[in-house]
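Beneath this line is the structure, given in structure tokens, with notes to follow.
The values are calculated or read from the model by the stated rules, or taken from the named source; none is laboratory data. Here the structure is a predicted model, which means the values were calculated and not measured. Neighbour counts run over all protein chains shown; Cβ positions are idealised from the backbone, glycine included. When the accessible area is computed, the model is the full protein with side chains, heavy atoms only, and any ligands, DNA or RNA have been set aside. Shrake-Rupley method; radii C 1.70, N 1.55, O 1.52, S 1.80 Å.
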Amino acid sequence: MANRTDPAAKSIRGTNPQNLVEKIVRSKIYQNTYWKEQCFGLTAETLVDKAMELDHIGGTYGGNRKPTPFLCLVMKMLQIQPEKDIVVEFIKNDDYKYVRVMGAFYLRLTGIDSDIYRYLEPLYNDYRKVRRKSPDGNFILTHVDVVIDELLTTDYSCDIAIPRIKKRWTLESLGALDARKSVLEDDFEEEEEKDENEQDGLEEEAAHEKQDYYRGRSPVRDRERDYRRDSHRHRDRDYDRDRDYDRERGRGRDRDRDRDRDRDRYRLREEKGYGYERDRDREREGRERDRRDRDHGRRRIRSRSRDRKRHAHSSMSPRRHEAEDGNPPEESKKKKGKKEKKDDGTDHPDPEIAEANRIRASLGLKPLKL
Amino acid sequence: MIEVVLNDRLGKKVRVKCNEDDTIGDLKKLVASQTGTRPDKIRIQKWYIINKDHITLKDYEIHDGMGLELYYN
């Protein structure tokens, strides 16, 4: 009796609104004491009072899948079907974040696509912390905007399979929605301008260098590099060696990566033209040699010391260089070894086992021990 | 490598190859990939003993060819 949907309620997605929740979870909710005691005979107004008492969100938890009060109240909302204005009020209210999340959740389940985007996207700006009950019964910290993102991008949340909605760009092309304007747009524009000024020479470089760019172009790193260069400058050493030294030590980028990979591209970069740092540093320090190099191209820098360490390279093949530390030769050997024999067992002769290992690898498990 | 059989007595019978030192959670993921349900919806039981996710098959003494019951949450 108490579990029947209000007869005047509309059907959602062609079915009883309560059917949005799966049968097993639904049965668990109906058997729950919170539902039986507190959610009996609730109306929209009294529902708000109950919602204000919420202090965590979540689906079912524990060994016997007990539903959270949040889930029970969402179920109640599906049962009584409050009007859209009420739901929007829930979302707009600022004081009670759990009421907000609940309203957003309900809207996501029952609203139309354009409404969903229109009302849920402003909630991306809400950074407040939210307590979430994980399926094993512990609490997890999350934030309102993380929850909203989950609602908008995934298709399963809080033990309810969320209905599919049209993609945003579909709605934009239909004209039902405007293009998304992020609150952080102004900040992004500033960042972009600053970056553009810094990275003039870099667009030619390979696309993958983008990662390098973010790592290597930060002002701090540039400054570091310059200091180190300066410190070596006055020493009585072969300039080229210093330069190599600086490049290897001061840049930091090579240190953290697979040197082989980097080295090739890095080398290619050098050959290609004037690496950004070199340009800037040259301008800054205005060394004669640099100027000369700039004029004659990078090959010139392959001075005696360089040749001692490296062979002239016009090809991309990896070179072993003792000058740099011992890691590169080992890493590349390892890499070669791996290519010959996959260590996740997916090339096992028995196709069944190979298939099983493939599935295991995709799940992140180790291969079968035979 | 052992092979366990999971049966839900409603028509779904699944044979899964796994290691002895896999946990029940891993087994659930493998079963989920084969049956198509979500791993957190699956409950693996052996006669009222609900197997917990963090314990290995070896500790539950699940051997090759053993049958487990498949229930849903």
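Report the FRET efficiency, 1/(1 + (r/R0)^6), for A:Tyr156 and A:Lys84, where r is their Cβ-Cβ distance and R0 is 30 Å, rounded to 0.05.
Plugging the Cβ-Cβ distance into 1/(1 + (r/R0)^6) gives 0.75.
For region A:1-109, run through the GluC sites (Glu not before Pro) and keep only the ones in DSSP coil with at most 10 other Cβ atoms within 10 Å of their Cβ.
Passing both the DSSP loop test and the Cβ count: A:Glu83.
Only sites in a loop by DSSP and with at most 12 other Cβ atoms within 10 Å count here; which GluC sites (Glu not before Pro) in chain B make the cut?
B:Glu61
Can you compute 3J(HN,Hα) from phi for each residue in region A:4-10, using the Karplus curve 6.51 cos²θ - 1.76 cosθ + 1.60 with θ = phi - 60°, rounded to whole Hz and x for Gly and Pro?
Per-residue couplings from phi come out as 7, 5, 3, x, 7, 6, 6 Hz.
Kindly report, to the nearest 10 Å², the accessible surface of A:Thr153 as traced by a 1.4 Å probe over protein heavy atoms only.
Accessible area of A:Thr153: about 100 Å².
Sequence-distant or interchain residues sharing an amide H contact under 5 Å with B:Asn73, placed H: which?
Amide H to amide H, under 5 Å and 5 or more residues apart or across chains, B:Asn73 pairs with B:Ile42, B:Arg43.
Can you give the accessible area buried between chains B and A, summed over both chains, with a 1.4 Å probe, in Å² to the nearest 100?
That pair of chains buries around 1600 Å² in total.
At 1.4 Å probe size, with no ligands or nucleic acids counted, give the accessible surface of A:Trp35 in Å², nearest ten.
For A:Trp35, the solvent-accessible surface is approximately 10 Å².
Net charge near B:Met66: determine it from the other residues with C-beta under 10 Å of the C-beta of B:Met66, scoring Lys and Arg +1 and Asp and Glu -1.
Here the charged neighbours net out to -2.
What full-extension length gain, to one decimal in nm, is calculated for A:Glu45 and A:Asp187 as 0.36 nm per residue of separation minus the Cα-Cα distance?
47.0 nm
Give me a single rounded figure for A:352-365: the average over its residues of other chain Cβ atoms within 10 Å of their Cβ.
3
Do the alpha carbons of any pairs in A:Lys36/B:Lys52; A:Lys369/B:Lys28; A:Lys28/B:Lys41 sit beyond 20 Å of each other, and which pairs?
Pairs exceeding the cut-off: A:Lys36/B:Lys52.
Just the accessible area per residue of region B:2-72, please: how many Å² with a 1.4 Å probe?
56 Å²
Along the three principal axes, how long is region B:2-72 when you take its alpha carbons, biggest first, rounded to the nearest angstrom?
Projected onto its principal axes, the Cα set of region B:2-72 covers 27, 23, 21 Å.
Can you give me the distance in nm between label points at B:Tyr71 and A:Ile359, each placed 7 Å from the Cα along the Cα-to-Cβ direction?
Reported label-point gap for B:Tyr71 and A:Ile359 is 2.4 nm.
Give the long-range amide H neighbours of A:His143: residues separated by 5 or more places, or on another chain, with amide H under 5 Å away, using H modelled in the peptide plane at 1.01 Å from N.
A:Val130
Output ³J(HN,Hα) for region B:27-40: one whole-Hz value per residue in order, computed from phi by the Karplus curve 6.51 cos²θ - 1.76 cosθ + 1.60 with θ = phi - 60°, and x for Gly and Pro.
Karplus-based 3J(HN,Hα) across region B:27-40 equals 4, 4, 5, 5, 5, 4, 5, 8, 8, x, 8, 7, x, 7 Hz.
Could you go through region A:19-27 in sequence order and give the Karplus-derived ³J(HN,Hα) for each residue, using 6.51 cos²θ - 1.76 cosθ + 1.60 with θ = phi - 60°, rounded to whole Hz, and x for Gly and Pro?
6, 5, 8, 5, 4, 5, 5, 4, 4
Can you pull the one-decimal nm distance between simple spin-label points at A:Glu196 and A:Thr15, each 7 Å off the Cα toward Cβ?
5.1 nm
Return the loop-located trypsin sites (Lys or Arg not before Pro) in chain B (DSSP other than H, G, I, E, B) with at most 10 other Cβ atoms within 10 Å of their own Cβ; answer none if there are none.
B:Arg9
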